[in-house]
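Just below is one structure, and these are the notes that go with it.
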Amino acid sequence: MKLSLLKKHFLRSVLMLGLGLITLGSVSAQNTDWPNGPIRLVIPFAPGGGVDGIGRIIAHALEERLKVAVFVDNKAGANGTIAMSFLKQSKPDGYTLSMVSTGALDVNAALMNLPYDPVKDFTYIAPIVKFPFYLVVNPQSGIKSLDDLIAKAKADPGKISYSSPGVGNGTHLAGALLSKMTGTQMTHVPYKGAGPAAVAVLAGEVDFTLGSGPSIFGFVEQGKLNAYATTSLTRVPNRSMYPTLNELGLKGYDASSLSGMVGPAGMPPAVTAKLAKTIDEILANKEIQEKILQAGMVIWSGSGKMFEEAISSDRKKWGDLVGSSNLKLN
C-alpha cells in the first residue's frame, strides 16, 4: 500500500516536472521566435503631429527589419492617458507597443489621478527622438517677433492666445513656461491633436502656437505661417536658421519633448533586448536620420534605462511648473 502511494507521488512529480519543462520550452520558443505575427504600435495622439510622424517612420523601419506587419493605431485623448491605459492592459508579449512622449508618462501625474502607474506599469524599451517646438504665428496677426509678442501680451493680459494638442501636452507646457518666464498672462486653447492646433493658427482662431516640425513646417514653407524661434536650448540641426528662445533673451528656456518606445510591464527580456537593438540599428541608418532631421527633430538613441531616467527627471521639472503655474485640466 505504501509502495503504491510512493509510486503515485513519484509519477505525479515526474508529470509535473515534464509539464514545467514544456512550459519553459514554450516561453523560450516564444521569446526566441518573436516576432511571428503583426505588431500594433499605439500612438497617443491624432495623425499629423510629431509623435505620429516619427511613429510611422519607426513602424515602417521595423517592418523592414523584423519582416512582420507593424500597424499604427492612433488612440488620441486625455493627453495620452487613453493610449497608456490600453497599453497597460495589453499582454506583455511584444506585440503591443507604444510610441509615447512627454505628457502621458510625466506631466499627467501632476494633472490627474491616473489609471496607471508610469513607473511600474510599463517597460521602457528605448529613447528615439527629442523634438523641440517652433514658435509660429499667422502673418495676419501683426506679431513680428518674440519681443513683439511679449509686448502685446503685457499690454493686454489674457488677450494673446495659443493653441496646443491638449491640456498637459508638451506644447501647452512650452507655452506655460513662456508665459511664466516673460511674466505675462496668455490664454491656452487646447485642440484635439497637433494638426488641428496648427490649423487654428492658420485660421486666426489663436495668435500663435509652439508646434512640432511635422505639424507646422508645411505651412511655414508655403508662407502661410511665420516661424520665429525654437524651444530647444541649442539650435536644431537642419533647422539652424531658427534662433532659440534662450538666445533671444529667455535664458535657460528649454521645452523639448522626449519621445521613445514603451511596452506593458513584464515584457520578456529577450524581446525587449531585440527591440532595443533593432531601434538602435534604425537610428543609425543615414536615410532614417535624414528624415528625422528634416522633420526638425533630434536623434536620441540610448538604453531603456536612460529613457526611463530622463522621463523621471522631466516628471519633476514639469510637475513643478504645473504646481507653480496652477495649470488645470480646463
Practice task
For residues that are closer than 11 Å to Ile128 by Cβ and surrounded by fewer than 17 Cβ atoms within 10 Å (Cβ to Cβ), scanning just segment 273-300, find the one that is nearest to the chain's Cα centre (by Cα).
Solution key: Ile299
Practice task
Can you tell me which residue within segment 227-241, out of those that are in contact (Cβ under 8 Å) with a residue 60 or more places away in the chain and among the small types (Gly, Ala, Ser), is surrounded by the fewest Cβ atoms within 10 Å (Cβ to Cβ)?
Solution key: Ala227
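Out of Leu248, Leu258, I need the residue that is more than 20 Å from the chain's Cα centre (by Cα), aliphatic (A, V, I, L, M) and either open to solvent by 70 Å² or more (accessible area, probe 1.4 Å) or under 27 Å from Val72 (Cβ atoms) (or both). Which one?
Numbers: Leu258 fails: more than 20 Å from the chain's Cα centre (by Cα).
On inspection, the qualifying residue turns out to be Leu248.
Collect the residues in segment 185-198 that are under 21 Å from the mean Cα position of the chain (by Cα) and surrounded by fewer than 24 Cβ atoms within 10 Å (Cβ to Cβ), keeping them in residue-number order.
Going through segment 185-198, the residues under 21 Å from the mean Cα position of the chain (by Cα) turn out to be 188-198.
His188, Val189, Pro190, Tyr191, Lys192, Gly193, Gly195, Pro196, listed by residue number.
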Practice task
Answer yes or no as to whether Glu309 is within 22 Å of Ala104 (Cβ to Cβ), open to solvent by 10 Å² or more (accessible area, probe 1.4 Å), part of a helix (DSSP H, G or I) and of a type in the set (Asp, Glu).
Solution key: yes
Fill in the blank from the handout: In segment 65-95, anything open to solvent by 20 Å² or more (accessible area, probe 1.4 Å), β-branched (Val, Ile, Thr) and closer than 20 Å to Ser259 by Cβ is listed as Val72, Ile82
Handout entry: Criterion (out of contact with any Leu (no Cβ under 8 Å at 6 or more places or on another chain) and among the polar types (S, T, N, Q)) met by exactly one of Ser259, Ser301
Key = Ser259
Handout entry: Filtered residues of segment 285-306 (kept if more than 29 Å from Ala109 (Cβ to Cβ) and touching a strand residue (DSSP E or B) at 6+ places or on another chain (Cβ under 9 Å))
Key = Ile288, Gln289, Leu293
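In segment 199-234, how many are touching a helix residue (DSSP H, G or I) at 6+ places or on another chain (Cβ under 7 Å) and closer than 15 Å to Tyr162 by Cβ?
If we filter segment 199-234 for residues that are touching a helix residue (DSSP H, G or I) at 6+ places or on another chain (Cβ under 7 Å), which is where we start, we get 202, 204, 206-216, 219, 224-229, 231.
Within this subset, residues satisfying the condition of being closer than 15 Å to Tyr162 by Cβ are 202, 204, 206-212, 215-216, 225-229, 231.
Of the residues in that region, 17 qualify.
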Problem - Pairs with Cβ under 7 Å, 6+ apart, first in segment 43-69 and farther than 20 Å from Leu87 by Cα, second open to solvent by 20 Å² or more (accessible area, probe 1.4 Å) and basic (Lys, Arg) - result: Ile57/Lys291
Practice task
Give me the pairs, please: first residue somewhere in segment 136-162 and within 19 Å of Phe217 (Cα to Cα), second residue anywhere and assigned to a loop (DSSP other than H, G, I, E, B) and open to solvent by 30 Å² or more (accessible area, probe 1.4 Å), beta-carbon distance under 7 Å, and either six or more positions apart or on two chains.
Solution key: Val137/Asp207; Asn138/Gly204; Gln140/Gly204; Ser141/Asp207; Ile143/Asp207; Leu146/Leu248; Tyr162/Asp207
Exercise for the section: Scan segment 99-117 and give yes if some residue there is open to solvent by 10 Å² or more (accessible area, probe 1.4 Å), touching a strand residue (DSSP E or B) at 6+ places or on another chain (Cβ under 9 Å), more than 30 Å from Ile150 (Cα to Cα) and not in a loop (DSSP other than H, G, I, E, B), otherwise no. Expected result: no
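Output yes when any residue across segment 221-238 is over 16 Å from Asp106 (Cα atoms), part of a helix (DSSP H, G or I) and more than 15 Å from the chain's Cα centre (by Cα), and no when none is.
As a first pass, look at segment 221-238 and keep what is over 16 Å from Asp106 (Cα atoms): 221-238.
Narrowing the set further to residues that are part of a helix (DSSP H, G or I) leaves 221.
Now narrow it down to the ones that are more than 15 Å from the chain's Cα centre (by Cα): 221.
Checked against the condition, which is being over 16 Å from Asp106 (Cα atoms), part of a helix (DSSP H, G or I) and more than 15 Å from the chain's Cα centre (by Cα), segment 221-238 yields at least one hit.
The values are calculated or read from the model by the stated rules, or taken from the named source; none is laboratory data. All of these numbers come straight from a predicted model, not from anything done at the bench. Glycine gets a Cβ as well: all are built from the backbone with ideal geometry, and neighbour counts include every protein chain shown. We work out accessible area using only protein heavy atoms, side chains counted, and drop any ligands, DNA or RNA first. Shrake-Rupley method; radii C 1.70, N 1.55, O 1.52, S 1.80 Å.
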